[in-house]
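A.B. asks: The structure under discussion is supplied below as structure tokens; questions concerning it will follow.
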Amino acid sequence: MTSLQNDRYDLLILGSGSTAFAAAIRAKELGKTAVMTEVRTLGGTCVNRGCLPSKNLIEAARLVYDAAHPRYPGLTPAHLGVDFPQLIAQKDEVIREYRDQHYESLVDEADEEVQRPIEVVPGRAVLVDPHTVEVTASDGTVRHLMGSQVLVATGSSPFIPAIPGLAETSFLTSDLLTSQEEMELTELPHSLLILGGGYIALELGQMFARFGTAVTIVTRGSSILSGYEPEIALGLSELLREEGLQIITGAQVRSVGRSGEGVVLVARRYGSSRTFTAEKLLVAASRRPNTHDIGMERVGVVLDATGAVVVDDYLRTNVPPIWAAGDVIGHETESQMATPVGAHDGGIAASNALAGTNRRIDHTVIPRTIFTDPQVAVVGLTDEEANARGIVCQCNTIPLSVVPRAGAIRDTRGVIKMVLERPTRRVVGVSMLGVNAGEVIHEAAMALRFGATADDFIDMIHVYPTMAEALKIAAISFTKDVSKLSCCAS
């Protein structure tokens, strides 16, 4: 990283993740100067300790599981040995190569001699006024950077609930996936307690279980995946339990502590006290915006009750010239904490700040995927959300056993649910649990974006046999018995 001589920039960005990079690249495209700050590792959460490392190891775990549980008669189960430290080493190599290619290679280089490069200053950045941050490096060196416009893109981090004994107990967070940091997990635990019932708990829980760890998931919710369609949550719960994961719902955690070489968790469930023990504890309750101790209160930027930066539809805060985008805005403007959302909005924020484009952000259609096996993918509204908004809706859920592709590959696990606006048959939501759901959901997302109806799905000729046909069959199910359709019929 280059030693900077000129500390004044057109765009000063707190953070160096996907949101920050999208903004910095847009600034460069506009012929403006940009600088990012980073307190940990260049690239932020996704590439270093989130999306990329988790999906790498989840796929490895799937290979282990599928080898031991072949779906086809005639295939002999095979036991693949798991060398966990070697898996971690290859994961670190993938992260390093990806970071070098998609992040490191983009900074400190100018296309022309007259244009300053995108720059990065390592250290903890704190706003001292609306145009200035103070950056303290690990060696104690302090520098001041100034920006005509400022973008807060500091992302989010694991939320640690206030549980008696937790502060005195060794525990893991999703940062266990990090690379070359102290909290990186390099040895496979024999047993693992996971606190939380959301996507992180489920993805990592299934992954560790498939590697051979005894996994217990403890959540206070009445089911896993609070806020998702109940058919999806129930279906995934059943599948995970069939794989050997223990899922405890409705549990109010009372305390956490040490137990010999492991941990003990005490919870109250339906009036009775229950005790759980394991070698390791993973806290995967949720994530919170990184707005603590970065000077937001000092400069007067308004935060919501969760600590998220309050922004308008142009990603402006209440303090000119400060903008915010990515996980740091939480669910403001109906946003989602997801890497592609931040990358999308980072460019918009930079254009609005530097070129006055006045482009509104639109978070109406954001497809999301949980990378369990099978995957969960959703877009739009659930049945409950549609009703809460006053939409008179009609819903239908079908098993994937009626989808030809699922039958052909002998994997009929899961369901798909479609939510329609009753008068118009406009599709307002789709949720799917099944093979390749994360790929299928993009067709549904495009349909929602352009106001497609169930009839549009029916009239669309789909490739046969594909999992995307599930959308067409779900649309047909509102008027026909789909268990009695001939091949490709509509």
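A.B. asks: Considering the stretch 174-208 alone, what residues qualify as being over 26 Å from Leu433 (Cα atoms), under 23 Å from the mean Cα position of the chain (by Cα) and hydroxyl-bearing (Ser, Thr, Tyr)?
C.D. replies: Hits for the stretch 174-208 are Thr178, Ser179, Thr186.
Yes/no matrix, rows are residues, columns are (1) aliphatic (A, V, I, L, M); (2) under 25 Å from Arg62 (Cβ atoms); (3) without any contact (Cβ under 8 Å) to a residue 24 or more places away in the chain:
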site	(1), (2), (3)
Asn396	no, no, no
Val415	yes, yes, no
Val440	yes, yes, no
Leu448	yes, no, no
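A.B. asks: Here's a follow-up. Restricting attention to the stretch 195-235, and to residues there that are in contact with an Asp or Glu (Cβ under 8 Å, 6 or more places away or on another chain), of a type outside the set (Lys, Arg) and outside any loop (DSSP other than H, G, I, E, B), which single residue is most open to solvent (accessible area, probe 1.4 Å)?
C.D. replies: Only one residue tops the list, namely Ala209.
A.B. asks: Among the residues that make up the stretch 439-460, is at least one of them open to solvent by less than 70 Å² (accessible area, probe 1.4 Å), of a type in the set (S, T, N, Q) and either part of a loop (DSSP other than H, G, I, E, B) or under 13 Å from Val379 (Cα atoms) (or both)?
C.D. replies: Step one: list which residues in the stretch 439-460 are open to solvent by less than 70 Å² (accessible area, probe 1.4 Å), which gives 440-441, 443-445, 447-448, 451-455, 457-458.
With of a type in the set (S, T, N, Q) added as a condition, the list becomes 453.
Applying the additional criterion that residues be either part of a loop (DSSP other than H, G, I, E, B) or under 13 Å from Val379 (Cα atoms) (or both) yields none.
Taking every residue of the stretch 439-460 in turn, none turns out to be open to solvent by less than 70 Å² (accessible area, probe 1.4 Å), of a type in the set (S, T, N, Q) and either part of a loop (DSSP other than H, G, I, E, B) or under 13 Å from Val379 (Cα atoms) (or both).
A.B. asks: Please go through the stretch 461-477 and pick out each residue that is open to solvent by less than 20 Å² (accessible area, probe 1.4 Å) and assigned to a loop (DSSP other than H, G, I, E, B).
C.D. replies: In the first step, residues of the stretch 461-477 are kept if they are open to solvent by less than 20 Å² (accessible area, probe 1.4 Å); the result is 467, 469-471, 473-477.
If the condition is that a residue be open to solvent by less than 20 Å² (accessible area, probe 1.4 Å) and assigned to a loop (DSSP other than H, G, I, E, B), then Met467, Ser477 are the ones that fit.
A.B. asks: Continuing with the same structure: Somewhere in the stretch 179-193, is a residue at pLDDT below 95 and either hydrophobic (A, V, I, L, M, F, W, C) or closer than 30 Å to Val311 by Cβ (or both)?
C.D. replies: Checking the stretch 179-193: at least one residue is at pLDDT below 95 and either hydrophobic (A, V, I, L, M, F, W, C) or closer than 30 Å to Val311 by Cβ (or both).
A.B. asks: Would you pick out the residues in the stretch 313-341 that are over 20 Å from Gly295 (Cα atoms), not in a helix (DSSP H, G or I) and not small (Gly, Ala, Ser)?
C.D. replies: Matches in the stretch 313-341: Asp313, Tyr314, His331, Gln336, Met337.
Listed here are the residues, each with its yes/no results for (1) of a type in the set (A, V, I, L, M, F, W, C); (2) part of a helix (DSSP H, G or I).
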site: Val376; (1), (2): yes, no
site: Val379; (1), (2): yes, no
site: Glu385; (1), (2): no, yes
site: Ile391; (1), (2): yes, no
site: Ile398; (1), (2): yes, no
site: Arg405; (1), (2): no, yes
site: Arg410; (1), (2): no, no
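A.B. asks: Being among the β-branched types (Val, Ile, Thr) and without any contact (Cβ under 8 Å) to a residue 60 or more places away in the chain is the filter here, so list the residues in the stretch 200-248 that pass it.
C.D. replies: Thr213, Val215, Ile217, Val218, Thr219, Ile224, Ile247, Ile248, listed by residue number.
A.B. asks: Further question on the same structure: How do the pairs read when you match residues in the stretch 360-372 that are farther than 14 Å from Met337 by Cβ with residues anywhere that are assigned to a loop (DSSP other than H, G, I, E, B) and open to solvent by less than 20 Å² (accessible area, probe 1.4 Å), using Cβ under 8 Å and keeping only pairs 6 or more apart or on different chains?
C.D. replies: Ile361/Leu315; Ile361/Ser335
A.B. asks: Suppose we keep only residues that are within 19 Å of the chain's Cα centre (by Cα) and at pLDDT 95 or above within the stretch 19-44. Which one would you say is nearest to Ala355 (Cα to Cα)? Even if it seems obvious, please write down each step before you answer.
C.D. replies: As a first pass, look at the stretch 19-44 and keep what is within 19 Å of the chain's Cα centre (by Cα): 19-22, 41-44.
In the following step, the residues that additionally are at pLDDT 95 or above were identified as 19-22.
Values: Thr19: 18, Ala20: 17, Phe21: 17, Ala22: 15 Å.
Restricting to residues being within 19 Å of the chain's Cα centre (by Cα) and at pLDDT 95 or above, the top hit is Ala22.
A.B. asks: Here's another thing I want to ask about it. Does the stretch 246-259 include one or more residues that are surrounded by 18 or more Cβ atoms within 10 Å (Cβ to Cβ), outside any strand (DSSP E or B) and on the phi > 0 side of the Ramachandran plot?
C.D. replies: Within the stretch 246-259 (the criterion being surrounded by 18 or more Cβ atoms within 10 Å (Cβ to Cβ), outside any strand (DSSP E or B) and on the phi > 0 side of the Ramachandran plot), the answer is no, since none of the residues qualifies.
A.B. asks: Take the residues in the stretch 279-312 that are outside any loop (DSSP other than H, G, I, E, B) and out of contact with any Ser or Thr (no Cβ under 8 Å at 6 or more places or on another chain); name whichever of them is surrounded by the most Cβ atoms within 10 Å (Cβ to Cβ).
C.D. replies: By that ranking, first place goes to Met296.
A.B. asks: Right, here's the next one. Counting only residues that are open to solvent by 40 Å² or more (accessible area, probe 1.4 Å) and either of a type in the set (A, V, I, L, M, F, W, C) or free of Cβ contacts under 8 Å to residues at least 12 places away in the same chain (or both), how many does the stretch 140-157 have?
C.D. replies: 3
A.B. asks: Take the residues in the stretch 342-357 that are over 27 Å from the mean Cα position of the chain (by Cα) and assigned to a helix (DSSP H, G or I); name whichever of them is nearest to Gly326 (Cα to Cα).
C.D. replies: Checking each candidate, the answer is Leu354.
A.B. asks: Give the stretch 471-490 a look and list any residue that's hydroxyl-bearing (Ser, Thr, Tyr) and in contact (Cβ under 8 Å) with a residue 24 or more places away in the chain, or say none.
C.D. replies: Residues satisfying the conditions are Ser477, Ser483, Ser490.
A.B. asks: For the stretch 313-331, what are the residues that are within 21 Å of the chain's Cα centre (by Cα), crowded, with 21+ Cβ neighbours inside 10 Å and not hydrophobic (A, V, I, L, M, F, W, C)?
C.D. replies: Answer for the stretch 313-331, where residues must be within 21 Å of the chain's Cα centre (by Cα), crowded, with 21+ Cβ neighbours inside 10 Å and not hydrophobic (A, V, I, L, M, F, W, C): Gly326, Asp327, Gly330.
A.B. asks: Can you tell which of Ala324, Ala349 is touching a Phe, Trp or Tyr at 6+ places or on another chain (Cβ under 6 Å) and farther than 30 Å from Val482 by Cα? Step through it out loud before you land on a result.
C.D. replies: Details: Ala324 fails: touching a Phe, Trp or Tyr at 6+ places or on another chain (Cβ under 6 Å).
The conditions single out Ala349.
A.B. asks: Does Glu238 satisfy being more than 19 Å from the chain's Cα centre (by Cα), surrounded by fewer than 19 Cβ atoms within 10 Å (Cβ to Cβ) and assigned to a helix (DSSP H, G or I)?
C.D. replies: In short, yes.
A.B. asks: Quick one: in the stretch 358-374, which of the residues that are under 14 Å from Glu439 (Cα atoms) and part of a loop (DSSP other than H, G, I, E, B) is most open to solvent (accessible area, probe 1.4 Å)?
C.D. replies: It comes out as Phe371.
A.B. asks: For the stretch 1-91, which helices (runs of 4 or more DSSP H) that fit wholly inside it have 3 or more residues that are surrounded by fewer than 19 Cβ atoms within 10 Å (Cβ to Cβ)?
C.D. replies: 51-68
A.B. asks: How do the pairs read when you match residues in the stretch 450-470 that are free of Cβ contacts under 8 Å to residues at least 60 places away in the same chain with residues anywhere that are open to solvent by 20 Å² or more (accessible area, probe 1.4 Å) and of a type in the set (Ser, Thr, Tyr), using Cβ under 6 Å and keeping only pairs 6 or more apart or on different chains?
C.D. replies: Between residues of the stretch 450-470 that are free of Cβ contacts under 8 Å to residues at least 60 places away in the same chain and residues that are open to solvent by 20 Å² or more (accessible area, probe 1.4 Å) and of a type in the set (Ser, Thr, Tyr), the close pairs are Ile458/Ser490.
The values are calculated or read from the model by the stated rules, or taken from the named source; none is laboratory data. The structure presented is a predicted model; accordingly, all values stated were derived computationally and were not measured. All Cβ positions, even for glycine, are placed from backbone atoms using ideal geometry, and neighbour counts span all protein chains on display. Side chains included, ligands, DNA and RNA excluded: accessible areas come from the protein's heavy atoms. Shrake-Rupley method; radii C 1.70, N 1.55, O 1.52, S 1.80 Å.
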